[in-house]
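**Student:** Next up is a structure, given as structure tokens.
The values are calculated or read from the model by the stated rules, or taken from the named source; none is laboratory data. In this text the structure is predicted, and so the values were computed from the model without any measurement. No Cβ is skipped: glycine too gets one built from the backbone with ideal geometry, and neighbour counts run over all protein chains shown. Just the protein is used for accessible areas: all its heavy atoms, side chains included, with ligands, DNA and RNA removed. Shrake-Rupley method; radii C 1.70, N 1.55, O 1.52, S 1.80 Å.
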Amino acid sequence: MNRDEMMGIVILLSIICIGILGGAKGVTRTGFLAPTNQTQEQKQADIQAKIDQTQKEVDALQAKINEEEEKKNSSIYKGIVDLNYVYRSSDAKQEYLSLRVNTTKTPINVTGWTLKSRSSGVSVKIPKGTYLFFTGITNTEDDIYLNSNDYLYLVTGISPNGASFKTNKCSGYLTQFQTFTPYLYTSCPAPKNENTSSIPRTVNNDACLDYIDYFPTCRIQTESLPANWSYECTSFIYNKINYPSCITTHKGDKDFYLGEWRVYLKRSEGIWKERREDIILLDNEGKIVDTYQY
């Protein structure tokens, strides 16, 4: 049954209801003519019973219509992609929401999807992003694809490093001089586990090699090193323990990419309401993927 047919039935039942009010004075609950000695109270009770029954039928049909409408407006990604968290702030750099993919057999392109407030009417689209971010250059942007268990953090403000990007095992280096919200995962490869074969195993390098063994992850050297350490050892510390070198060394690792995107809307002010907000996530066909209320 389509929507027009359902609406026709609803209208018909409404007409019946009106007919009851206007001409059912002599009808009992069983549908037979009421006896002439029926009291006014009994007549009114019969009429009310008919009205109540008709209203139940109207409500049931309306619920069916609503169910069909919801199915028609629901995205094929409903239940697959969740809008699972919103952090509201007047500071655009602090405000963000997150999407999560539960399980999918194929990557889902979310670039162009819309997030809209039912309360205020404001809407934004998920932009493109950089798959592998490099420092010191203009990075190209492509559509963002999410896989099973991936997260996308959509931050209202401007990116600290100037780009929307997918995180990787070297991304922690970016946090030494920049602040990311939410906190960026920092677990870079340990310097001591990198290839140090270029450093001569001489006595004067023992202190330098010890220094590398205890050097913190996701950090670069910012202070001068002892002059008696060999060039090879100090060169390793200055040139190999950093984000670009980490990328070059590890971009082919199977576990190089982390299941997380940091995407930025480049707004100067927060866009979501502080309270009583109702946000809907729409796919590229304008169909509802998920909703979030707070």
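**Student:** Please enumerate the residues belonging to region 240-255 that are part of a loop (DSSP other than H, G, I, E, B) and either exposed (fewer than 15 other Cβ atoms within 10 Å of the Cβ) or of a type outside the set (A, V, I, L, M, F, W, C) (or both).
**Tutor:** Going residue by residue through region 240-255, those that are part of a loop (DSSP other than H, G, I, E, B) are 241-242, 251-255.
Correct list: N242, K251, G252, D253, K254, D255.
**Student:** Which residue out of S148, S120 is of a type outside the set (V, I, T), under 23 Å from G79 (Cα atoms), in a loop (DSSP other than H, G, I, E, B) and open to solvent by 10 Å² or more (accessible area, probe 1.4 Å)? Before the answer, list the steps.
**Tutor:** Values: S120 fails: under 23 Å from G79 (Cα atoms).
Criteria check complete, one pass: S148.
**Student:** Then there is this: Regarding region 202-218, can at least one residue be identified that is touching a residue at least 40 places away in the same chain (Cβ under 8 Å) and not aliphatic (A, V, I, L, M)?
**Tutor:** So in region 202-218, the residues touching a residue at least 40 places away in the same chain (Cβ under 8 Å) come out as 217-218.
From what is left, the residues that are not aliphatic (A, V, I, L, M) are 217-218.
Looking for residues that are touching a residue at least 40 places away in the same chain (Cβ under 8 Å) and not aliphatic (A, V, I, L, M), one finds at least one in region 202-218, hence yes.
**Student:** Tally time: how many residues in region 194-237 are of a type in the set (D, E), within 28 Å of Q178 (Cα to Cα) and not in a loop (DSSP other than H, G, I, E, B)? Give the derivation first.
**Tutor:** If we filter region 194-237 for residues that are of a type in the set (D, E), which is where we start, we get 194, 206, 210, 213, 223, 232.
Pick out the ones that are also within 28 Å of Q178 (Cα to Cα) and you get 194, 213, 223.
Still in the running and not in a loop (DSSP other than H, G, I, E, B): 213.
Going through region 194-237 one residue at a time, the tally reaches 1.
**Student:** Do you know which residues across region 95-106 are touching a residue at least 40 places away in the same chain (Cβ under 8 Å) and open to solvent by 70 Å² or more (accessible area, probe 1.4 Å)? Break it down into steps so the answer makes sense when it comes.
**Tutor:** So in region 95-106, the residues touching a residue at least 40 places away in the same chain (Cβ under 8 Å) come out as 95-104.
Result: T103, single match.
**Student:** Quickly run through region 155-169 and pick out the residues that are farther than 20 Å from I271 by Cβ, part of a loop (DSSP other than H, G, I, E, B) and in contact with a strand residue (DSSP E or B) (Cβ under 6 Å, 6 or more places away or on another chain). Before the answer, list the steps.
**Tutor:** Narrowing region 155-169 to residues farther than 20 Å from I271 by Cβ: 161-163, 165-169.
With the extra rule that they be part of a loop (DSSP other than H, G, I, E, B), the set shrinks to 161-163, 169.
If the condition is that a residue be farther than 20 Å from I271 by Cβ, part of a loop (DSSP other than H, G, I, E, B) and in contact with a strand residue (DSSP E or B) (Cβ under 6 Å, 6 or more places away or on another chain), then A163 is the only one that fits.
**Student:** Let me ask you something else. Please determine, by comparing only the residues of region 258-281 that are touching a Leu at 6+ places or on another chain (Cβ under 8 Å) and among the charged types (D, E, K, R), which one is surrounded by the most Cβ atoms within 10 Å (Cβ to Cβ).
**Tutor:** R262
**Student:** A further question follows. Can you tell me which of I220, I237, I280, I241 is under 30 Å from G121 (Cα atoms) and among the β-branched types (V, I, T)? Give the derivation first.
**Tutor:** Values: I220 fails: under 30 Å from G121 (Cα atoms); I237 fails: under 30 Å from G121 (Cα atoms); I241 fails: under 30 Å from G121 (Cα atoms).
Among I220, I237, I280, I241, only I280 is under 30 Å from G121 (Cα atoms) and among the β-branched types (V, I, T).
**Student:** How many residues are of a type outside the set (K, R) and not in a strand (DSSP E or B) if we restrict to region 105-117?
**Tutor:** Initially, region 105-117 is screened for residues of a type outside the set (K, R), giving 106-115, 117.
Of the ones still in play, those that are also not in a strand (DSSP E or B) are 106-107, 110-113.
Looking only at that region, the number is 6.
**Student:** Let me ask something additional. Give me the residue from region 197-239 that is of a type in the set (V, I, T) and at pLDDT below 95 and, out of that set, surrounded by the most Cβ atoms within 10 Å (Cβ to Cβ). First the steps, then the outcome.
**Tutor:** Step one: filter region 197-239 for residues of a type in the set (V, I, T), giving 199, 202-203, 212, 217, 220, 222, 234, 237.
Within this subset, residues satisfying the condition of being at pLDDT below 95 are 202-203.
Working: T202: 12, V203: 7.
If we take residues in region 197-239 being of a type in the set (V, I, T) and at pLDDT below 95, then T202 is surrounded by the most Cβ atoms within 10 Å (Cβ to Cβ).
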